[in-house]
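To start, the structure itself, in structure tokens.
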Ligand code: NAD
Ligand code: WQD
């Protein structure tokens, strides 16, 4: 019998790639997603890659009664990966209560129901946003968490604290928070990828949409930072590498190998890349020159952040494998496939 893994937010960007990796490792995947930021057609992509269509239950995890009914129908879930959250930093400033309700209540509901199920624990999607602008680079997990710059960032900090407090209260399950740096790219099949709604806020979808002719030009937000070329530096990580880390973290929970019931890990490549390097890499892999301008700094941006990945490398035995060109060329292949652009 295949072990059954619940992937909340599994129709979304990172969740769909993780569903593929789990299925390919022999797990049964069930998804809860309210489709607030995704489309059901994502399941066609997962099915086309793996030959298996995961079960999808469409509801909001903040609805406790529906969540209880779901677990009654799936008493054999062995572990949970919790991706479901609202994630737009700017929107979280204008709709803070929606972010606090959605991101915090969904986790609380899952943790309340967990002890009544067979699940051994939960993997939680956290973010490098918890570090703000770190004092030391590359940033280790020992870096103190800074006051969040947005309600979204605050929800990730609060959720990490909720996990710690639940464990401190004697909970019997295991928890792993994974702090992602900047996930980009798409599955090499170009059958699943990121599907931003409206105008993308993030750099790479904006670049690929500009390449596809949907946007007039890419604005580089500030070239006067204290970085080698003046533009901001981030640790971009291929979404498939990220997905593989979730399989490893889930297996750590299933096998109960961790010495601690609450653990947290940076997931990045350990390498910082500037905005200009990302634009240059896109131009190189696509053979297209992008219309671009230098614009003022974007409010709330940190200058540079990239991960010290040793804890994930040594403790999880996970290391990112795919480089910047693979990240950007897969993102471009995905953009072309959804826009019907011939290669
Ligand atoms: P996404 O929006 O593509 O996926 C999230 C999915 O959760 C969506 O399909 C959405 O419909 C669903 N969802 C949201 N709230 C829900 C609810 N209450 N009930 C049921 N379903 C709900 O986002 P993503 O990029 O795949 O991010 C996944 C997780 O990783 C999120 O928790 C996000 O905060 C975190 N994260 C993302 C990034 C990033 O840059 N993409 C970086 C760090 C952390
Ligand atoms: C990257 C760089 C921009 C768009 C965000 C969240 C963070 C995490 C990951 C969830 C920055 C520059 C961007 C553009 C640009 N998400 N840029 N022109 O801000 O590092 O992180 O996503 O947890 O919490 O804040 O990612 O892709 O928005 O920006 O110059 O049109 O690209 O200024 O330096 P960011 P991003």
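Here residue 228 clears all of (1) more than 12 Å from ligand 2 (Cβ to nearest atom); (2) over 30 Å from residue 189 (Cβ atoms); (3) not in a loop (DSSP other than H, G, I, E, B) except the condition numbered (3). Considering the conditions (1) surrounded by 13 or more Cβ atoms within 10 Å (Cβ to Cβ); (2) out of contact with any strand residue (DSSP E or B) (no Cβ under 8 Å at 6 or more places or on another chain), residue 340 is excluded by exactly one of them, (1). Looking at 69, 35, 22, 6, just one residue is away from ligand 2 (no atom under 16 Å from the Cβ) and within 23 Å of residue 198 (Cα to Cα), and that residue is 35.
If you go through region 135-150 and keep only what is away from ligand 2 (no atom under 11 Å from the Cβ) and touching a residue at least 40 places away in the same chain (Cβ under 8 Å), you end up with 137, 138, 139, 140, 141. For the condition away from ligand 1 (no atom under 16 Å from the Cβ) and surrounded by fewer than 19 Cβ atoms within 10 Å (Cβ to Cβ), residue 219 qualifies.
When 12, 45 are screened for being within 16 Å of ligand 2 (Cβ to nearest atom) and modelled with pLDDT of 95 or more, only 12 passes.
Considering 153, 121, 132, the condition of being in contact (Cβ under 8 Å) with a residue 60 or more places away in the chain and more than 12 Å from ligand 2 (Cβ to nearest atom) is satisfied by 121 alone.
Collect the residues in region 276-304 that are farther than 16 Å from residue 204 by Cβ and within 13 Å of ligand 2 (Cβ to nearest atom), keeping them in residue-number order. Within region 276-304, 291, 293, 294, 295, 296, 297, 299, 300, 302, 303, 304 qualify. Checking every residue in region 49-65 against the condition of being away from ligand 1 (no atom under 15 Å from the Cβ), within 21 Å of residue 243 (Cβ to Cβ) and without any contact (Cβ under 8 Å) to a residue 12 or more places away in the chain gives at least one match. Checked against the criteria, residue 115 counts as modelled with pLDDT of 95 or more and surrounded by fewer than 21 Cβ atoms within 10 Å (Cβ to Cβ). When we screen 132, 198 for residues that are closer than 22 Å to residue 35 by Cα and modelled with pLDDT under 95, the only hit is 198.
With respect to residue 178, determine if the residue is in contact with a helix residue (DSSP H, G or I) (Cβ under 9 Å, 6 or more places away or on another chain), within 30 Å of residue 335 (Cα to Cα) and either more than 16 Å from ligand 2 (Cβ to nearest atom) or not in a loop (DSSP other than H, G, I, E, B) (or both). Answer is yes for this residue.
Could you check, for region 86-102, whether at least one of its residues is under 19 Å from residue 250 (Cα atoms), within 10 Å of ligand 1 (Cβ to nearest atom) and under 18 Å from the mean Cα position of the chain (by Cα)? Checked region 86-102: no residue is under 19 Å from residue 250 (Cα atoms), within 10 Å of ligand 1 (Cβ to nearest atom) and under 18 Å from the mean Cα position of the chain (by Cα). For region 201-219, the candidate set comprises residues that are under 23 Å from the mean Cα position of the chain (by Cα) and not in a helix (DSSP H, G or I); within that set, the residue that is modelled with the lowest pLDDT is 201.
The values are calculated or read from the model by the stated rules, or taken from the named source; none is laboratory data. The shown structure was predicted, so the numbers you read here are calculated from the model rather than taken from an experiment. Glycine gets a Cβ as well: all are built from the backbone with ideal geometry, and neighbour counts include every protein chain shown.
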